[in-house]
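Working notes, structure below.
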Amino acid sequence: MAKAALTAKLQEIQKVKEDLLKEAKDETENGTGTAVFPQASGLSDDCLVKFADGKEIKVIVGTSEHIQQPLVDRICHVVHEAYSKVGKHKRVDRYDAVDRLEMGDGGPSANRVLHLAFKGDELVGCASSTFSPGWTPEGCGHWGLLAVDPAHQKSGVATALVLAAERRLATLSGAIQIEYQYTEGDPFSMRLHKWYEKLGFAGDQTALKPGQTIFRRCRKRISAAEQERGQLRRLQEIEIYLQRRLTTLSSEHEDQSPEEVEHEQSSAESDEPMEESTVSARLAEVEAKLEEVTLSGPREAEPILSSRVVEKLAAIASVQAQSERIQRTEDMDKEDLGVLSMLQGTKELRPSNCTSTSEEKQQEIYVRPTPLLNYEANGVDEDTFSSLAFYVYDLSLEQQDKLAVHVMLSHPSGAAVFKGDESAEALAARFVSAVQKAYPENPFHNFGHAVDVQAVIVKTMKLVEADSFLSNLEQFSLLVAGLGHDIGHMGLNNVFLSEVGHELAIKYNDKSPLENMHCSALYQLLGKPETQLFAHLSADDYKEARRICVEVILHTDMMCHQNMVKDLNLLYQIHSEVIQPVRETRTTVRKSNWKRKTMHNEVPSDPMAVFAAPENKMLVMDAIVHSADVSNPAREWAVTQAWAERCLDEFFAQGDQERAEGVPVQFLNDREKLNRPNSQIGFIEFMIAPLFAAQIWLWPMYCEFGDCLSTNIGIWEEQWEEQTSPSEEEAEKVRLRVLEVQDMLSRASLRIAH
């Protein structure tokens with residue numbers, strides 16, 4: 001195709017330009033109302049919205065050209081002020097703002113962009129729009145992050161942003177989805193609901209009780225006429241975008257010296273010469289893209305597929321960047337530095353492939369049914385045991401012992417180990433009794449903690465549907481590891497052992513001395529005739545069970561924590577097209593975590609196959625045990641508070657010993673200086689919330705842990721303020737940190753990426 005053909009195509013587009021620049025009223029009707037917008041002109045990257053009273057608002061798509069400190073800071077300020085005014089938790093930091101702006105560099109092929117609204121030269125609002133967000137049905141776009149400077153609210157800015165976003169989405173989408181938090185009886189929620197209805201959105205109309213809060217998901221269809229206008233706009237946008245690219249390429253070639261041109265042509269050898277042939281080839285690409293957009297329906301155009309690849313690479317790269325952000329410590333309190341010291345295994349910070357055993361290899365043995373837990377016999381019933389309100393120290397030591405035996409006998413995975421006769425119960429009882437006696441009576445790292453971790457492992461294996469990708473032997477190995485993961489714990493951490501030259505640190509060369517000792521102690525028990533749980537396994541299965549137990553226990557070392565979080569985030573980013581959870585409102589029963597998604601006539605992909613892959617399965621098992629080990633802050637408040645007191649009591653006991661030994665007292669261990677609530681805020685912020693957020697993305701049913709974390713960090717903040725009476729500036733600083741954690745967990749739960 002020659003230049004003349006491109007000229008002809010441009011002339012053809014000119015014929016419909018009038019239609020493009022006249023924005024008709026939206027014809028969408030969905031039973032709740034009809035949306036009526038002011039007049040808009042222009043394309044997605046430069047839209048001018050004119051109101052009947054003569055005022056104008058310009059809405060553009062942000063790109064890397066807009067990454068300038070004043071504008072980036074202004075975006076962050078507008079979002080924070082807009083959401084804070086109505087008591088909502090939403091915060092965009094500079095990293096987020098820059099990421100969002102850079103996404104617009106793809107032009108028509110960009111999947112997600114940030115719209116910026118201006119009155120004159122002043123930024124007054126922003127909103128995002130996404131063609132394929134991943135949590136909507138195929139062909140359904142999304143807009144969100146709608147924020148208007150409070151000083152400019154009720155002046156048409158929100159309407160202009162929505163209009164610009166929906167005009168862009170109409171170029172490829174057949175419908176639009178939004179989500180928002182709604183509280184029955186709340187004036188702001190009701191006003192927002194009415195506005196969305198006016199815009200044409202319809203959603204769940206379930207009757208709610210006063211004060212009840214849900215996350216509403218609403219959708220509206222884009223009329224056929226508006227989709228047609230949108231596709232015509234897209235033709236023009238692609239033409240303009242590629243024409244700019246061609247112009248840039250031509251200008252770059254003109255700037256080259258004759259020697260450089262000759263070198264390029266000679267090095268290309270079989271390639272076509274630069275000038276006319278290269279331009280012709282590019283124009284052929286333009287024609288192909290135009291035909292593809294014209295003939296295909298929403299979502300089938302190649303630019304969107306390309307943008308998914310680009311977005312995935314950007315997301316994967318950002319995982320590493322995010323994992324490095326906490327290295328800046330100059331503004332951190334001592335409690336925060338103490339948490340980071342624990343994460344990194346340092347004395348003190350200062351400011352500045354797995355092959356699973358196949359089911360064919362396992363001898364599946366019938367396990368004798370065990371009765372359900374009941375309060376009279378066991379001190380806890382099934383419902384409480386399975387909930388985040390379960391507190392193991394409500395049980396006597398004898399009841400804890402019986403509970404661990406019950407778990408091992410009643411869990412279906414016991415079929416890989418037990419014969420199913422009376423000897424199974426006796427063997428399990430002897431093993432549990434031996435484990436219980438091997439735990440010292442520490443405030444935190446004791447047998448009760450082991451039983452609690454085992455209980456959470458049972459719960460999380462159910463949440464992630466482990467039966468679908470873990471064998472019975474693998475699941476039972478996790479139960480054994482959970483019960484034995486802290487055997488022999490002395491109530492001291494690895495840093496202290498290395499500092500004083502303890503025999504364990506010397507024996508294991510300062511490499512996870514406690515965790516190595518736990519593995520050794522566990523297998524000494526498993527090697528005794530009277531407690532040989534794995535006696536009936538084949539040699540290969542025994543090796544597999546041992547490998548799993550050792551691996552997951554070693555990964556309870558906090559030194560492994562940050563890499564685990566990063567690996568979980570990468571797992572989601574790499575397989576996000578397959579891992580697509582169906583999220584219902586919080587008031588409904590969720591029967592399944594997953595939906596199967598088909599793209600381009602491919603066979604539907606099963607997310608369980610991702611977790612079952614040998615290169616991923618061990619990471620999943622490590623995460624199940626480690627998250628159970630540190631799940632105390634993610635329980636109901638009363639349970640979380642009680643666990644925190646036990647943990648800090650043990651820290652303080654070590655601090656007393658450090659002082660007696662004449663070695664530096666680690667800050668989290670200093671009973672005279674530590675503020676307990678502030679230490680828990682840092683603990684959740686830097687360690688627990690990132691771990692559980694990463695898992696919520698992978699397994700949406702984990703959101704109940706996220707809900708508790710959000711609630712608990714807010715309560716810790718309230719206690720910190722009561723105890724310290726901070727200045728307004730200090731309180732605001734901590735408040736922003738808490739809001740950021742809550743926002744991170746909320747985004748994971750709702751599946752809303754940055």
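Here is how the numbers come out for the structure above:
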| item | result |
| --- | --- |
| SER387 paired with ASN563, simple spin-label distance in nm, labels 7 Å along Cα-to-beta-carbon | 4.0 |
| Portion, in percent, of the accessible area of the range 614-754 that falls on carbon or sulfur, probe 1.4 Å | 49 |
| Accessible surface of the range 117-219 [probe 1.4 Å, protein heavy atoms]: carbon and sulfur percent | 53 |
| Share of carbon and sulfur in the accessible heavy-atom surface of the range 472-519 [1.4 Å probe, %] | 48 |
| Protection proxy ranking, peptides 643-649, 524-530, 677-683, average beta carbon neighbours within 10 Å, highest first | 677-683, 643-649, 524-530 |
| Per-residue SASA entry for THR213, accessible area with 1.4 Å probe, Å² rounded to 10 | 60 |
| Nearest-10 value in Å² for the accessible area of HIS77, using the 1.4 Å probe | 80 |
| Charge tally in the Cβ shell below 12 Å around LEU525, where Lys, Arg are +1 and Asp, Glu are -1, LEU525 excluded | +2 |
| Amide H contacts of ALA175 (H built 1.01 Å from N, under 5 Å, at least 5 apart or other chain) | GLY141, ILE222 |
| Phi to ³J(HN,Hα) by Karplus 6.51 cos²θ - 1.76 cosθ + 1.60 over the range 194-203, Hz, x for Gly, Pro | 5, 5, 5, 4, 4, 6, x, 8, 10, x |
| Phi to ³J(HN,Hα) by Karplus 6.51 cos²θ - 1.76 cosθ + 1.60 over the range 606-623, Hz, x for Gly, Pro | 9, x, 5, 5, 5, 6, 7, 4, x, 6, 10, 4, 5, 4, 4, 5, 4, 5 |
| The range 59-179, relative contact order in percent, only Cα pairs under 8 angstrom and at least six apart counted | 25 |
| When the convex hull of its Cα atoms is projected in every direction, mean area for the range 626-691 (nm²) | 4.8 |
| Segment ALA660-GLU722, extension gain: residue separation times 0.36 nm, minus the distance between their alpha carbons | 19.1 nm |
| Length released on extending from LYS55 to HIS77, taking residue separation times 0.36 nm less the Cα-Cα span | 5.5 nm |
| Ratio of Rg to Rh over the range 378-459 (Cα coordinates, Kirkwood Rh, two decimals) | 0.96 |
| Restraint check, LYS462/LYS566; LYS437/LYS459; LYS459/LYS511; LYS507/LYS566; LYS55/LYS194; LYS85/LYS733, Cα-Cα greater than 20 Å | LYS462/LYS566; LYS437/LYS459; LYS459/LYS511; LYS507/LYS566; LYS55/LYS194 |
| Given charges at beta-carbon only (K, R positive; D, E negative), |dipole| of the range 66-173 in Debye | 320 |
| Residues LYS209 and ALA638, FRET efficiency given R0 of 25 Å [Cβ-Cβ distance, rounded to 0.05] | 0.55 |
| Amide hydrogen neighbours beyond the local backbone of LEU114, cut-off 5 Å, H modeled | GLY62, GLY104 |
| Area accessible to solvent at ASP383, 1.4 Å probe radius, in Å² | 130 |
| Pairs of Cα atoms farther than 20 Å apart, the range 397-532, % | 49 |
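The values are calculated or read from the model by the stated rules, or taken from the named source; none is laboratory data. Remember, it's a predicted structure, so these values are computed and weren't measured experimentally. Every residue, glycine among them, receives a Cβ derived from its backbone with ideal geometry; neighbour counts consider all protein chains shown. Calculation scope for accessible area: heavy atoms of the full protein, side chains included, ligands and nucleic acids excluded. Shrake-Rupley method; radii C 1.70, N 1.55, O 1.52, S 1.80 Å.
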